[in-house]
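A.B. asks: Next up is a structure, given as structure tokens.
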Amino acid sequence: MAFELTFLGSSGGPIEGSNCCILIKPSHISYQDIVERNLQNEVLCVDAGAGLAKLSEVIFNETHDLPSCNLLNLYNDSLSVDEYFKTSTSKPFAVFKGKSPFSAAVDVFKNIKSYLISHPHLDHIYALVLNSPNFTEANPKEVYGSCDTVHALNSHIFNGIIWPNMQEFEIVNLNTVGFESPFDVSSYSVKMFKLSHGKLQRGHRNSSISINENFKGIYQESKSVTYVSSAFLISYKTINSRVLVFGDFESDHISNQNFNEVIWKEIVPMVLDKSLSAIVLECSNCNCVETSLYGHLNPIHLMRELYKLNGFCVNASGTENPLKDMHVIINHVKETDGTFDPRATILRNLEKLNLDYNLGINFSIALSGVSIIV
Ligand SMILES: [Zn+2]
Ligand SMILES: [Zn+2]
């Protein structure tokens, strides 16, 4: 079975309105079917850094045959949309021609019951928050995340001060799920893995995420704590087909943890039997020195991680080039000062490293507003 992924947002900031959000569904079920038959279990929303506004814009563009990605308009040296993808792209929302884009977007979101949230940074949650008055008791959203994510949403967002307590209205239900224990969400089975997204430290800015001295939270006791993010291995129930989506993360080499290694070992059989349709992961920066990565990846660190996966696959199978033709989609690229398109640079850097390491991976760069089939 193929999946259709819509990148409602793919930017790692600092711009707003196009941040990380992926809609995932089986490619053989159309959004028209989903809306007309109220199929609420077929679409999963992974992270919510974009939502109703972006989907309305995408619907307007697709129904008027206009290009969908506004990120490419930010730079003078961007490539064409097709040059960023090694997968086929699709226009799943063109079926709403003639409908008001906003009402079509509302209809689609009415039929998205479940959200997976990788971590509670604003660029991954703000559309969930701002869109929530549009949700109803009859149509509550089930939000799944780690203990850290749910705690942060509960204490610091839906606390009645930053935003109304949507949990009390039973409009947003926050569900804590454990790492590495599969759980069912709608028509999917999901396994969540722990990631390191940098170190939280008091009074240290260099390479770490500095905590406000006045903050009295779960990080109060210790001086330095891993900021936990999550990856989701998502399978459509009963079908041997899956996608792996990472939240923000850094390399094991920087974190001195083995969180990524655990994931690479887990997916070896799925890479070898080709049941892993795609890996979506971040590469936030073109080329930063290690002290300026702040819990993110650059092309060199990303390639080292994938080379590790390659090694595990070679050891398990003896196959040469086990990652050949595997789809890796780069997400969460941070915008530059505007002098050059960071996505084109990252793609060039990765293609070069792909040749140097002789991996044969199919790299694509996620673009806000673009849908793909994998
Ligand atoms: Zn982010
Ligand atoms: Zn983050």
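The values are calculated or read from the model by the stated rules, or taken from the named source; none is laboratory data. The model shown is predicted, which means the values in this text are computed figures rather than measured ones. Counting neighbours? That spans all protein chains shown, and the Cβs are built from the backbone with ideal geometry, glycine included. With ligands, DNA and RNA removed, areas are computed over all heavy atoms of the protein, side chains included. Shrake-Rupley method; radii C 1.70, N 1.55, O 1.52, S 1.80 Å.
A.B. asks: How many residues, within region 278-315, are open to solvent by less than 10 Å² (accessible area, probe 1.4 Å) and within 14 Å of ILE267 (Cβ to Cβ)?
C.D. replies: Counting residues in region 278-315 that are open to solvent by less than 10 Å² (accessible area, probe 1.4 Å) and within 14 Å of ILE267 (Cβ to Cβ) gives 8.
A.B. asks: Residues to consider are LEU359, LEU367; find the one that is within 17 Å of the chain's Cα centre (by Cα) and among the aliphatic types (A, V, I, L, M).
C.D. replies: LEU367
A.B. asks: For region 124-143, enumerate the residues that are crowded, with 23+ Cβ neighbours inside 10 Å and away from ligand 1 (no atom under 16 Å from the Cβ).
C.D. replies: Initial filter on region 124-143 (crowded, with 23+ Cβ neighbours inside 10 Å): 124-125, 127-128, 143.
The answer is VAL143, and nothing else.
A.B. asks: Can you find even one residue in region 236-247 that is outside any strand (DSSP E or B) and either modelled with pLDDT of 95 or more or within 16 Å of ligand 1 (Cβ to nearest atom) (or both)? So that I can check it myself, show each step before the final result.
C.D. replies: Pass one, region 236-247, residues outside any strand (DSSP E or B): 237-241, 247.
Filter once more, so that each one left must be either modelled with pLDDT of 95 or more or within 16 Å of ligand 1 (Cβ to nearest atom) (or both): 247.
Among the residues of region 236-247, at least one is outside any strand (DSSP E or B) and either modelled with pLDDT of 95 or more or within 16 Å of ligand 1 (Cβ to nearest atom) (or both), which makes the answer yes.
A.B. asks: Run down GLU62, GLU16 and say which single residue is of a type in the set (Asp, Glu), within 16 Å of ligand 1 (Cβ to nearest atom) and either at pLDDT 95 or above or assigned to a loop (DSSP other than H, G, I, E, B) (or both).
C.D. replies: Criteria check complete, one pass: GLU16.
A.B. asks: Continuing with the same structure: Got a sec? Which of LEU281, LEU293 is farther than 23 Å from SER241 by Cα, within 16 Å of ligand 1 (Cβ to nearest atom) and of a type in the set (A, V, I, L, M, F, W, C)?
C.D. replies: None of the others qualify; the one that does is LEU293.
A.B. asks: List every residue pair whose Cβ atoms sit under 9 Å apart, with the two residues 6 or more apart in sequence or on different chains, where the first one lies in region 192-212 and is more than 17 Å from ASP252 (Cα to Cα) and modelled with pLDDT of 85 or more and the second, anywhere, is within 16 Å of ligand 1 (Cβ to nearest atom) and not in a strand (DSSP E or B).
C.D. replies: MET192/SER118; MET192/SER146
A.B. asks: State the number of residues belonging to region 316-338 that are under 19 Å from the mean Cα position of the chain (by Cα) and either open to solvent by 30 Å² or more (accessible area, probe 1.4 Å) or under 22 Å from LEU272 (Cα atoms) (or both).
C.D. replies: Count: 6.
A.B. asks: Can VAL185 be described as open to solvent by less than 50 Å² (accessible area, probe 1.4 Å) and among the hydrophobic types (A, V, I, L, M, F, W, C)?
C.D. replies: yes
A.B. asks: Every residue in region 8-22 that is surrounded by 24 or more Cβ atoms within 10 Å (Cβ to Cβ) and away from ligand 2 (no atom under 16 Å from the Cβ), please.
C.D. replies: The one that is surrounded by 24 or more Cβ atoms within 10 Å (Cβ to Cβ) and away from ligand 2 (no atom under 16 Å from the Cβ): LEU8.
A.B. asks: Would you please name the residue that is nearest to TYR75 (Cα to Cα), looking only at residues in region 339-362 that are open to solvent by 30 Å² or more (accessible area, probe 1.4 Å) and in contact with a strand residue (DSSP E or B) (Cβ under 8 Å, 6 or more places away or on another chain)?
C.D. replies: Looking at residues that are open to solvent by 30 Å² or more (accessible area, probe 1.4 Å) and in contact with a strand residue (DSSP E or B) (Cβ under 8 Å, 6 or more places away or on another chain), I get GLU351.
A.B. asks: Examine region 33-50 for a residue that is more than 26 Å from GLY247 (Cα to Cα), acidic (Asp, Glu) and open to solvent by less than 20 Å² (accessible area, probe 1.4 Å), and state whether such a residue exists.
C.D. replies: no
A.B. asks: Of all residues in region 96-123, which are within 16 Å of ligand 2 (Cβ to nearest atom), open to solvent by less than 20 Å² (accessible area, probe 1.4 Å) and more than 23 Å from GLU168 (Cβ to Cβ)?
C.D. replies: Those that are within 16 Å of ligand 2 (Cβ to nearest atom), open to solvent by less than 20 Å² (accessible area, probe 1.4 Å) and more than 23 Å from GLU168 (Cβ to Cβ): SER118, HIS119.
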